[in-house]
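Okay, structure first, notes after.
The values are calculated or read from the model by the stated rules, or taken from the named source; none is laboratory data. Fair warning: this is a prediction, and the values are worked out from it, not measured in the lab. Cβ atoms come from the backbone with ideal geometry, glycine included; neighbour counts cover every protein chain shown. Side chains are part of the model used for accessible areas, which takes the heavy atoms of the whole protein and leaves out ligands, DNA and RNA. Shrake-Rupley method; radii C 1.70, N 1.55, O 1.52, S 1.80 Å.
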Amino acid sequence: MSSIKNLDYEAAMENTEKNQIVGGTLYLVATPIGNLEDLSARALKILSGVDFVAAEDTRNSAKLLSCFDIHTPLISYFEHNKRMRGEEIASKLLKGQSCALITDAGTPAISDPGEDLVRLCGEKGIPVISVPGCCAAITALTLSGLPTGRFCFEGFLSTVKNERRERLETLRTEERTMILYEAPHKLRNTLDDLLETFGAERKLSLCRELTKRNEETMRTTVGGAVEYYKENNPRGEYVLILEGRDPKERQNEVWWAELSIPEHVQHYLDADPSMKRLDAVKLVAKERGVGRNEVYDAVMK
Ligand code: SAM
């Protein structure tokens, strides 16, 4: 109770109730991404109390559970058995059993088959509760030093070269900070592709071995990372945080970039003499992503 001393008593009681394990529920339990002490008290309680734990790699998870002296039965749920096993898990849940889903590391359903089980439970009306905790993507984003206000998660890029390049092509104009997962043996190829698509100057933070002894965040550029990994071997799991495109570049690319606002409006009036001035103002405001008043004021000056 001491850790929740800032909550009022009623709220604390509500939490106590919320933390009771309910039969027929799937619990998505986040596990550490390296540092065992990141497993939450709530996660421990759920993992100890559910009827069974579904895990991506039962050998890995058995080690985790034994570190905490948890002896809940384990079954496997991974990419290649997810269809059949998903149905089996759902049927146990429908009979009233409770299940905790864990993956090798981090938050289930982020770049792992948990997503499919949640969908299946949704279709069958089975309640799903998230027990939040570590997620490599968010941990890396917060360390990156890049804008965190708007970001997009891209997970792993395809291992098929063309598909990877096509995907990157769709991201060429992305203005939000981008988050990518990468394994060490594919890092150099991915950096080469990033160089080709985004250029050497684009900022890039490489976060590896997060929460572990050799945790490292390198805040550099795409070109800087390519050079560094020519000399150094990639080690450990990576999250790459890539700066989004500068919105000013968008402005420079448009056909009207050299026109002032009044010239932009006049262009439409000249092109279509029947067009009302107000309609031209609306069109220009939309194209420039500014308010109509701004365009109107510029035209009236
Ligand atoms: N569900 C997990 C999560 O919430 O982050 C991600 C699972 S995905 C199969 C595994 C990938 O996450 C790794 O290849 C790596 O890109 C990233 N990752 C996981 N743990 C990490 C760590 N300690 N440091 C850096 N990246 C990590």
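Quickly run through region 105-122 and pick out the residues that are near the ligand (Cβ under 6 Å from one of its atoms) and farther than 14 Å from Arg85 by Cβ.
Result: Ala105, Gly106, Thr107, Ile110, Ser111.
Please tell me if Ser205 is under 22 Å from the mean Cα position of the chain (by Cα) and among the hydroxyl-bearing types (Ser, Thr, Tyr).
Here the answer is yes, as Ser205 does meet what is asked.
Grab the strands (runs of 3 or more DSSP E) fully contained in region 35-150, keeping just those with 1 or more residues being closer than 22 Å to Gly24 by Cβ, among the aliphatic types (A, V, I, L, M) and in contact with a Pro (Cβ under 9 Å, 6 or more places away or on another chain).
Counting at least 1 such residues, we get 52-55, 99-102.
For region 133-177, name all the residues that are within 16 Å of the ligand (Cβ to nearest atom), out of contact with any Asp or Glu (no Cβ under 6 Å at 6 or more places or on another chain) and among the hydrophobic types (A, V, I, L, M, F, W, C).
Cys135, Ala136, Ala137, Ile138, Ala140, Leu141, Leu143, Phe151, Cys152, Phe153, Phe156, Leu157
Here is a list: Gly122, Gly106. Which entry is open to solvent by less than 70 Å² (accessible area, probe 1.4 Å), within 22 Å of the chain's Cα centre (by Cα) and free of Cβ contacts under 8 Å to residues at least 24 places away in the same chain?
None of the others qualify; the one that does is Gly122.
Of the conditions (1) assigned to a strand (DSSP E or B); (2) under 23 Å from Leu74 (Cα atoms), Phe153 fails just one. Which one is it?
The one condition Phe153 does not meet is (2).
For Asn60, all conditions in the list (1) away from the ligand (no atom under 14 Å from the Cβ); (2) modelled with pLDDT under 95; (3) of a type in the set (S, T, N, Q) hold save one; what is the number of the exception?
(1)
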